[in-house]
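The values are calculated or read from the model by the stated rules, or taken from the named source; none is laboratory data. Note that this is a predicted model, so its numbers are computed, not measured. When we count neighbours, we look across all protein chains shown, and the Cβ atoms used for this are built from the backbone with ideal geometry, even at glycine. Areas reflect the complete protein model, heavy atoms only, side chains present, ligands, DNA and RNA absent. Shrake-Rupley method; radii C 1.70, N 1.55, O 1.52, S 1.80 Å.
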Amino acid sequence: QVQLVESGGGLVQAGGSLRLSCAASGRTFSGYFMGWFRQAPGKEREFVAATRWSGSSTYYADSVKGRFTISRDNAKNTVYLQMNSLKPEDTAVYYCAVSRGSRATAQNEYAYWGQGTQVTVSS
């Protein structure tokens, strides 16, 4: 059974940084997409970033390009989201997810989801 456990959220001032972690277990993820999504209050969940479990491809939403970096540690079965230059509009619950599909940004192709971690950026 696939389990995804996020951690690393918290409260930070605008301009600050946080690193989110997603520990994955339950199967091998070779070839899968590992993605980060977020949902702000009153808004739909949106794509943030994704990477293949194997290989070097990365994908980012335009709103986070140049500020966020997705990476992984295969030995630890963990995916990270380094968030720099945070803005109040980055405030949301952040979720990691796993997809066997072919499109990194396609939310409906992600079958497994973590419980989410809250990120709050104060102005």
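Sequence-ordered 3J(HN,Hα) estimates for region 47-58 from the Karplus curve with 6.51, -1.76 and 1.60 and θ = phi - 60° stand at 5, 10, 7, 7, 8, 6, 5, 10, x, 10, 5, 10 Hz, glycine and proline given as x. Projected label points at Ser30 and Ser123, each 7 Å from Cα along the beta carbon direction, are separated by 4.9 nanometres. Whole-Hz Karplus values for region 104-118 come out as 4, 9, 7, 4, 6, 8, 8, 9, 10, 9, x, 7, x, 9, 7 Hz, taken residue by residue from phi with 6.51 cos²θ - 1.76 cosθ + 1.60 and θ = phi - 60°; glycine and proline positions read x. Within the listed set Ala106, Ala24, Ala92, the residue fluctuating most in the Gaussian network model of the chain (springs between alpha-carbon atoms under 10 angstrom) is Ala106.
Comparing Arg19, Arg67, Arg52 in a Gaussian network model of the chain, where Cα atoms under 10 Å apart are tied by springs, the biggest mean-square fluctuation is seen for Arg67. With R₀ fixed at 25 Å, the C-beta to C-beta distance from Ser54 to Glu89 puts the FRET efficiency at about 0.15. Considering only Val98, Phe68, Ser122, and ranking their Cα positions along the charge dipole of the chain that arises from unit charges at the beta-carbon of Lys, Arg, Asp and Glu, the one farthest toward the positive end is Val98. The separation of region 1-36 from region 56-123, counted between C-alpha centres, amounts to 7 Å. Here the Karplus curve 6.51 cos²θ - 1.76 cosθ + 1.60, taken at θ = phi - 60°, turns the phi angles of region 79-93 into couplings of 10, 10, 10, 7, 10, 10, 6, 5, 10, x, 6, 7, 4, 4, 8 Hz, with x standing for Gly and Pro. Amide H to amide H distances under 5 Å link Lys87 with Gly15, where only residues 5 or more positions off or on other chains count and H is placed in the peptide plane. The residues of the chain expose on average 51 square angstrom of accessible surface per residue, using a 1.4 Å probe on protein heavy atoms.
Here region 1-59 exposes an accessible surface that is 44 percent carbon and sulfur, computed with a 1.4 Å probe and the other protein chains kept in place.
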